[in-house]
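These notes concern the structure reproduced below.
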Amino acid sequence: QKEVEQDPGPLSVPEGAIVSLNCTYSNSAFQYFMWYRQYSRKGPELLMYTYSSGNKEDGRFTAQVDKSSKYISLFIRDSQPSDSATYLCAMIPFIGGYNKLIFGAGTRLAVHP
Amino acid sequence: EAGVTQSPTHLIKTRGQQATLRCSPISGHTSVYWYQQALGLGLQFLLWYDEGEERNRGNFPPRFSGRQFPNYSSELNVNALELEDSALYLCASVPQGGGTDTQYFGPGTRLTVL
């Protein structure tokens, strides 16, 4: 079993839809959770970063963490064609512990006009 | 401010050859991380360099090696290439100390082994 599971998609939605992207993990040592967006032929860029269980909102994006269920989500409201990319969840056991960073396989999202 | 740069963009090699990939971190960043992104597998941690020293390596064979130069740029070498080494190789940098929530990725080098 992988430490982080993420549905690879692809996920295709119409413009304006609410998108839900999810990851589950098995290692309770993970404390910091991130979502990266990766456009084609580009490196990943950090979208959201959360520590505690609960919700964190940034514009159209909301990151949700449920540590008791070992489940994290990223919601995108009013999705736009420019949101079409691969979304990767990632987690580390402590701040700055990037040598311990575990990524999900990524979910490909396509938002069509 | 210039971002993380990587070269070459694409690299095509044959089995058994050696590949050298290069990374220049953001100015002022001293830590460089290398990742392999194979199709369907997500990013896998390869190597971590900080202040010129190798600090940690992931679960990869010794034919994956590298170094960090005094200007903090880094090189990843892959010897005795195998078909399954075909992947996107990403480098990321973080500021001195590494205790930060953000690492900055370069665009990657796509290595194809024939």
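Considering the zone a paramagnetic label at A:His112 would reach in this model (a point 7 Å from Cα along the Cα-to-Cβ line), which residues of the stretch A:1-33 have amide N under 13 Å from it?
Residues A:11-15 fall inside that zone.
Give or take rounding to whole Å, what are the principal axis extents of the alpha carbon atoms in the protein assembly as shown, in descending order?
Principal extents (largest minus smallest coordinate, Cα): 47, 40, 36 Å.
Of all accessible surface on chain B at a 1.4 Å probe, what whole percent is carbon and sulfur?
48
Whole-Å semi-axes of the stretch A:5-113's equivalent ellipsoid, largest first, each the root of 5 times a Cα gyration tensor eigenvalue? Don't skip to the answer; put the middle values down first.
Working: eigenvalues 106, 42, 29 Å².
After scaling each eigenvalue by five and taking roots: 23, 15, 12 Å.
If packing is taken as the average count of other Cβ atoms within 10 Å, what order do B:85-96, A:67-78, A:3-14 fall into, highest mean first?
So the order, starting with the most tightly packed, is B:85-96, A:67-78, A:3-14.
Please give the peptides A:46-57, B:24-35 ranked by average Cβ packing (other Cβ atoms within 10 Å per residue), highest first, as a rough proxy for protection.
Ranked by mean Cβ neighbours within 10 Å, highest first: B:24-35, A:46-57.
At R0 = 30 Å, how high is the FRET efficiency between A:Asn55 and B:Ser7 if r is their beta carbon distance? Nearest 0.05 is fine.
With a Förster radius of 30 Å, E is 0.15.
Note down the magnitude of the dipole of the protein assembly as shown about its Cα centre, charges +1 on Lys and Arg C-beta and -1 on Asp and Glu C-beta and zero elsewhere, to the nearest 20 debye.
Approximately 380 debye in magnitude.
What is the spread of the Cα atoms of the stretch B:5-96 along each of their three principal axes, largest first, in whole Å?
Sorted from largest, the Cα extents of the stretch B:5-96 read 36, 22, 21 Å.
Under a GNM of chain B (C-alpha, springs under 10 Å), which listed residue has the highest mean-square fluctuation: B:Gly16, B:Gly66, B:Gly42?
Among B:Gly16, B:Gly66, B:Gly42, the largest mean-square fluctuation in the Gaussian network model of chain B belongs to B:Gly42.
Measuring with a 1.4 Å probe in the full set of protein chains, what accessible area per residue, in whole Å², belongs to the stretch A:4-112?
Accessible area per residue, the stretch A:4-112: 44 Å².
If you only keep lysine pairs separated by 8 or more in sequence, or across chains, how many in the protein assembly as shown come under 28 Å at the Cα atoms?
13
Taking only C-alpha pairs under 8 Å that are 6+ residues apart, what is the relative contact order of chain B in percent?
It rounds to 37 percent for chain B.
Rounded to the nearest 0.05, what FRET efficiency do A:Glu3 and A:Gln31 have when you use their Cβ-Cβ distance and R0 = 22 Å?
About 0.95, to the nearest 0.05.
Taking just the alpha-carbon atoms of the stretch A:4-63, what radius of gyration and Dmax come out, in angstrom?
13.0, 37
The values are calculated or read from the model by the stated rules, or taken from the named source; none is laboratory data. A quick note: this is a predicted structure, and the numbers were derived from the prediction, not measured. So basically every Cβ, Gly included, is an ideal-geometry build from the backbone, and we count neighbours across all protein chains shown. Ligands, DNA and RNA are stripped out before the accessible areas are found, and what is left, the full protein with its side chains, is counted by its heavy atoms. Shrake-Rupley method; radii C 1.70, N 1.55, O 1.52, S 1.80 Å.
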